[in-house]
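Asks: Let me begin by handing over the structure; questions about it come next.
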Amino acid sequence: MRDFTLKTYKLLLAHLQDSGRRFYTLEDICKDKPQDSFVVLRHDVDRKPYNALKMAELENAKDIRSTYYFRITKKVFDPECIRNISSLGHEVGYHFEDLSSLHGDIDEAVDSFKRNIEKFRQIVPVSTVSMHGRPLSRFDNKELMKRIDFGELGLLCEPYSIVEKLDLRYFTDVGRKWNNDSVNLRDKITGQKGLSLRTTFDVINALADELKDENLMLSIHPERWEDDMFPWVRNAVWQKVKNAGKYILIKTRHGS
């Protein structure tokens, strides 16, 4: 079975359910820490919004709710797709990149962030947000959180702080591998030593072994998950090119 297909994702969901973990949205755990074993599925919709819809439909068919963060770029901010995902019972939030988009102008970025939240709220309720890494930018969008008054904007939390607060094990599919730090610039938790797993099948196996007693947050990018062969191959090849560039960029920025 090929990795990074919806069929493989469906298998992952089945094993998460079989492990006894309950599924929560980010909004859920921001309001109240669950007392049972749980997993938070967070989806960063960087591109291909209708890949996200397919994933949302698959989850809905298995009575699973998750969280989808949409960028506000022209090809991603699709109101119909956003409404459809929300109507399936999933949480939708803003995948913000205002600081990098505005080249580090923090005051303009704060104003832009507020305007964009309101654009989303004309479509669906929004109570959580997540930063977009923008690896080619030298500006880290996480820095914007230091200037945002969550209470004033009716926001509950963002993923990275809640992972640290609740001591969750965090995994991301950046680079089409799980917790692949060699090509991961910003989608990581400071100080957390992640279990580096190559494939989704490794993650599945770890659920009954190294991770059996862990509460989890999985960060998943829907555009990486394709059943059809041609887009799957194109994705795999292009990801190798991007990974090489990211590796060089990381080495350059860290001076090694």
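The values are calculated or read from the model by the stated rules, or taken from the named source; none is laboratory data. Computed from a predicted structure; not experimentally measured. Heads up, the Cβs are rebuilt from the backbone with ideal geometry, glycines too, and the neighbour counts pull from every protein chain shown.
Asks: Determine whether the range 41-61 contains at least one residue that is within 20 Å of VAL203 (Cβ to Cβ), of a type in the set (Val, Ile, Thr) and touching a residue at least 40 places away in the same chain (Cβ under 8 Å).
Replies: Within the range 41-61, not a single residue is within 20 Å of VAL203 (Cβ to Cβ), of a type in the set (Val, Ile, Thr) and touching a residue at least 40 places away in the same chain (Cβ under 8 Å).
Asks: Follow-up question, since we're still on this one. Considering every residue within the range 85-95, establish whether at least one is aliphatic (A, V, I, L, M) and within 30 Å of SER137 (Cα to Cα).
Replies: Taking the range 85-95 and keeping what is aliphatic (A, V, I, L, M), we get 85, 88, 92.
From the residues that got through so far, the ones that are within 30 Å of SER137 (Cα to Cα) too are 85, 92.
Checking the range 85-95: at least one residue is aliphatic (A, V, I, L, M) and within 30 Å of SER137 (Cα to Cα).
Asks: For the range 133-177, which residues satisfy the criterion of being in a helix (DSSP H, G or I) and either more than 29 Å from GLN35 (Cβ to Cβ) or of a type in the set (Asp, Glu) (or both)?
Replies: Of everything in the range 133-177, those that are in a helix (DSSP H, G or I) and either more than 29 Å from GLN35 (Cβ to Cβ) or of a type in the set (Asp, Glu) (or both) turn out to be ASN141, LYS142, GLU143, LEU144, LYS146, ARG147, GLU164, VAL174, GLY175, ARG176.
Asks: Looking at the range 111-137, which of its residues are over 20 Å from the mean Cα position of the chain (by Cα) and touching a residue at least 12 places away in the same chain (Cβ under 8 Å)?
Replies: Selection gives SER112, LYS114, LYS119, ILE123.
Asks: Out of (1) among the basic types (Lys, Arg); (2) outside any helix (DSSP H, G or I); (3) modelled with pLDDT of 90 or more, the odd one out for ARG234 is which?
Replies: (2)
Asks: Could you go through the range 87-104 and let me know if any residue there is among the aliphatic types (A, V, I, L, M) and under 28 Å from ARG234 (Cβ atoms).
Replies: Scanning the range 87-104, I find at least one residue that is among the aliphatic types (A, V, I, L, M) and under 28 Å from ARG234 (Cβ atoms), so the answer is yes.
Asks: Another question about this same structure. In the set LYS31, LYS74, which member is out of contact with any helix residue (DSSP H, G or I) (no Cβ under 9 Å at 6 or more places or on another chain), of a type in the set (D, E, K, R) and within 24 Å of GLY133 (Cβ to Cβ)?
Replies: On inspection, the qualifying residue turns out to be LYS74.
Asks: Given the condition in contact with an Asp or Glu (Cβ under 7 Å, 6 or more places away or on another chain) and of a type in the set (S, T, N, Q), answer yes or no: does some residue in the range 18-39 qualify?
Replies: From the range 18-39, those in contact with an Asp or Glu (Cβ under 7 Å, 6 or more places away or on another chain) are 22, 25-27; that's our starting set.
Narrowing the set further to residues that are of a type in the set (S, T, N, Q) leaves 25.
Yes, that holds for at least one residue.
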